[in-house]
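The values are calculated or read from the model by the stated rules, or taken from the named source; none is laboratory data. Since we're looking at a predicted model, the values are computed, not measured. As a convention, Cβ positions derive from the backbone with ideal geometry for all residues, glycine included, and neighbour counts pool all protein chains shown.
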Amino acid sequence: MRMSSLFVQTLREFPSDAEVMSHKLLVRAGYIRKLTNGVYNYLPLMWRVLKKVENIVREEMDKAGAQELLMPFVQPSELWQESGRWDVYGKELMRLKDRHGREMCLGPTHEEVITSIAREGIRSYKQLPVNLYQIQSKFRDEIRPRFGLLRGREFIMKDAYSFDVDEAGLDKSYEIMAEAYRKIFERCGLETKMVQSDSGAIGGSVSHEFMVLVNEEAENNAGENDVFYCTNCGYSANSNHAVSVLPSVQTEGKYFEAKITETPNTHSIEELSQFLNIPSSIICKALIYVIDGKYVMALIRGDKTVEETKLMNVFGGNEIRIARNDEIEEIMQNSGLNAIAGFIGPEGIKGVEIVADETVKELKNFVIGCNQTDKHLVGANWGKDIKLPERIFDIRLVEEGDKCTQCGADLKVTKGIEVGNIFKLGTKYSKAMNATFTDKDGQEKPFIMGCYGIGISRTAAAAVERHHDENGIIWPLAIAPYTVIIVPVSDQDETQMSIAEDMYKKLLADNVEVILDDRSERAGVKLKDADLIGIPYRITVGKTIKDGLVEFKTRATNVVETISPDEAIQRILSL
Ligand code: ATP
Ligand code: MG
C-alpha cells in the first residue's frame, strides 16, 4: 500500500471526548471515527486489525472442533419470550417493531437463537457434542458507552455455544474452550489471566473471565474490573465473585447491657465510631437497596463494604441500586417508623427483605441502628436483643489485605479489561425453550449448554491499552495492520526513492504487508505518523543510502539499527 493512497487521516491532537489511551490513539491515528454515541466506523487500518483478531479466533476455534455459522442480527421477540428474557433483559436490549407491529430486537447475544437451532437440528445423542460459533456485530444499548471500542453499543463479538449430553461432557467442552482462549490471546500478543467470575443467580454454574491486566497507576484506567489474586497460589477472581478470609479484628463491644443511646448527627459509620469512640468493626451497618423494584436491607460489619452483584444474586435479580432518601422515607412510613438514613436497623421494618453478611454473625455487644433518628442500639446481641436474619450469605466485597481462602496468603487487587469469558449455562435455556434430544436410553433430555464470548473489537482496543508509548500505538506483530513501513526521507531524492521503491516491490512480491510512505511530506511528519499508527517495523531510507545503508527500527523497543537494504528485507522475511 502506498501511503499517498491509504485512506487514513491522522490528527494532531487527541479527541477531546476520549478518556483512555486506546480510544485517544485509535481516533488520533485514524483507525476509528465515531458515528454516534458508542457506535464507531472501523476505517481501513482498523478493519485490517479486526480481521486479524477474527482470523486468529477463527483458526483456534476451528482447531478446537467448533463450527462457524452466522445467525441473523435481528431477532424476533417470541424466542425471548420463550426463554423468559424479554421482560427481564432491561434497557440494554434494543427493541424495535417491524411494519406489521411485530416486536423484534437487535441481537445483544444469541442464546435464544442458537437454542432454537439446536432444538430443530439435533434429535439424538449421536449428534452430540457440538459447538457452534459466529463472529458478528452485537448491539447493546449500554447505559454508559465509553472508552471507545472498549465499551461500545455496537461491537464485534465471537460467541460460541456448546451442546452436550451431560455435565461431564460440558466440563470437557468448557476445558477445550479455556485452552483455545489461552492460545487465542497469546497469539494476539496479549497476556491474560483467567479469573473466576460471577455467573449470575443460576445455582451451581461456573464461569471464568479472561482479563487483560492494566497498570493500576495509569491515570484514566481502562480496567473496569477489579481482579483479586493470591500472591502465593493460583487463586484469582473478579471482585464480584472473590472470597477471602478476614484478618481478625475486634468484633465484641465493651458494653454490659443493650441500651438505646443518643448518637446525635452520626449519619455515617465513621461519625458513629468517632462519637462512641469504638472501632467500626463492632458496628452493624444496615443499607437499603432496590433490587428489581423490591426493597432489600443488607446488614454487614461496619468496616466492610457490600458487593452489589453478590447481594443481587441472593435474589436472582437483574438490577440493583442503593435506595434513595425518599424511598427510605416511604419504608419508614409503611413500617410506622420515623428515622432517616444513618439510623436505620432491621427491627420493626416492614416490606423489606433482610440479608445479613456472614461478618455480622460473630458480632457481640455491638452497635446497630434502631430506627430512631439520632439514636443507636448499643451493646446489642443476636437472639437476645435483636433477631439474626435467616438469610446469611457472603455479600462482602473483598479488600486488599484479606487472606486467600485456599492458602492463607495475602490477596492483592489489580485492574482488568475483560476480553473474553466462558460460562457453564447448564439447562437454563434448553429447559426454558424445551430444547431436547433423545438420549442412549431413549429418554428426552434437555441439552447441557455452555457459552463462550470474546470481544473482538475490545480485544483490539485492549492491545492498544497494553501496548503504546508517548509516540503512539505499538501493535503486537500478529494483529498489526501492516508489518513494515518504508519511509524515504526525501521524495525529491532519486536514489532514496528508487531504493525504497525497490524494497517495497520485493517485499510485496513476498506477500509482506508493507506500506511505502511516498508522500511529499517533511521527514518529521512521516516518521511521526509511522510511530503513531504503530507499524511494528520501520525502514528509513535517508542520506546513509549513499553508503548502502538504511535504518531499521523496531517499534516495540525503539532500537534503530543501520543495515543494508538486503539485510532489512531478510529480517522482515524471517519474521
Ligand atoms: P461486560 O461485563 O464488560 O459488560 P459482559 O459480561 O456483558 O461484559 P458478555 O455478554 O459475556 O460480556 O460478552 C462477551 C464478550 O463481549 C465480553 O467478554 C467482552 O469482551 C465483549 N463485550 C461485552 N460488552 C461489550 C461492549 N459493550 N463493547 C465491547 N465489547 C463488549
Ligand atoms: Mg455487559
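Among the residues here, SER83 does not qualify as of a type in the set (Ser, Thr, Tyr) and away from ligand 1 (no atom under 16 Å from the Cβ).
Pairs are defined by a Cβ separation below 7 Å, a sequence spacing of at least 6 or placement on different chains, a first member in region 53-68 that is closer than 15 Å to TYR174 by Cα, and a second member that is surrounded by 19 or more Cβ atoms within 10 Å (Cβ to Cβ) and polar (S, T, N, Q); the pairs so defined are GLY65/ASN131; ALA66/ASN131.
Taken over region 463-487, the criterion of being in a strand (DSSP E or B) and hydrophobic (A, V, I, L, M, F, W, C) is satisfied by ILE473, VAL484, ILE485, ILE486, VAL487. Among the residues of region 95-108, are any within 16 Å of ligand 2 (Cβ to nearest atom) and touching a residue at least 60 places away in the same chain (Cβ under 8 Å)? No, region 95-108 contains no residue that is within 16 Å of ligand 2 (Cβ to nearest atom) and touching a residue at least 60 places away in the same chain (Cβ under 8 Å). Listed conditions (1) closer than 30 Å to GLN250 by Cβ; (2) in a loop (DSSP other than H, G, I, E, B) are all met by HIS376, apart from (2). For LYS126, the stated conditions do not hold, so it cannot be described as in the same structural domain as GLY442 (by TED's automatic domain parsing), away from ligand 1 (no atom under 13 Å from the Cβ), modelled with pLDDT under 95 and part of a helix (DSSP H, G or I). Applying the criterion of being small (Gly, Ala, Ser) and in contact with an Asp or Glu (Cβ under 7 Å, 6 or more places away or on another chain) to the residues of region 65-103, the residue that is nearest to LEU128 (Cα to Cα) is SER83. Can you confirm whether region 446-462 contains a residue that is under 30 Å from ILE176 (Cα atoms), assigned to a loop (DSSP other than H, G, I, E, B) and out of contact with any Lys or Arg (no Cβ under 8 Å at 6 or more places or on another chain)? The answer is yes; a qualifying residue exists. Restricting ASN434, ASN421 to those that are among the polar types (S, T, N, Q) and away from ligand 1 (no atom under 13 Å from the Cβ) reduces the list to ASN434. With respect to being touching a residue at least 60 places away in the same chain (Cβ under 8 Å) and part of a strand (DSSP E or B), VAL296 falls outside the description.
Residues in region 140-197 that are touching a helix residue (DSSP H, G or I) at 6+ places or on another chain (Cβ under 8 Å), assigned to a loop (DSSP other than H, G, I, E, B) and among the small types (Gly, Ala, Ser): GLY152, GLY189.
Okay, residues lined up against (1) part of a strand (DSSP E or B); (2) in contact with a strand residue (DSSP E or B) (Cβ under 9 Å, 6 or more places away or on another chain); (3) outside the structural domain of ALA500 (by TED's automatic domain parsing); (4) surrounded by fewer than 18 Cβ atoms within 10 Å (Cβ to Cβ):
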position: LEU25; (1), (2), (3), (4): no, yes, yes, no
position: MET46; (1), (2), (3), (4): no, yes, yes, no
position: LYS52; (1), (2), (3), (4): no, no, yes, no
position: ASP62; (1), (2), (3), (4): no, yes, yes, yes
position: GLY65; (1), (2), (3), (4): no, yes, yes, yes
position: GLU78; (1), (2), (3), (4): no, yes, yes, yes
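Only residues that are touching a residue at least 24 places away in the same chain (Cβ under 8 Å), more than 13 Å from ligand 2 (Cβ to nearest atom) and among the basic types (Lys, Arg) were counted across region 123-168, and they come to 2. Looking at this structure, is ILE545 surrounded by 14 or more Cβ atoms within 10 Å (Cβ to Cβ), more than 43 Å from the chain's Cα centre (by Cα) and part of a helix (DSSP H, G or I)? Here the answer is yes, as ILE545 does meet what is asked. Summed over region 441-474, the residues that are over 20 Å from ASP159 (Cα atoms) and either of a type in the set (Phe, Trp, Tyr) or away from ligand 1 (no atom under 16 Å from the Cβ) (or both) give a count of 14.
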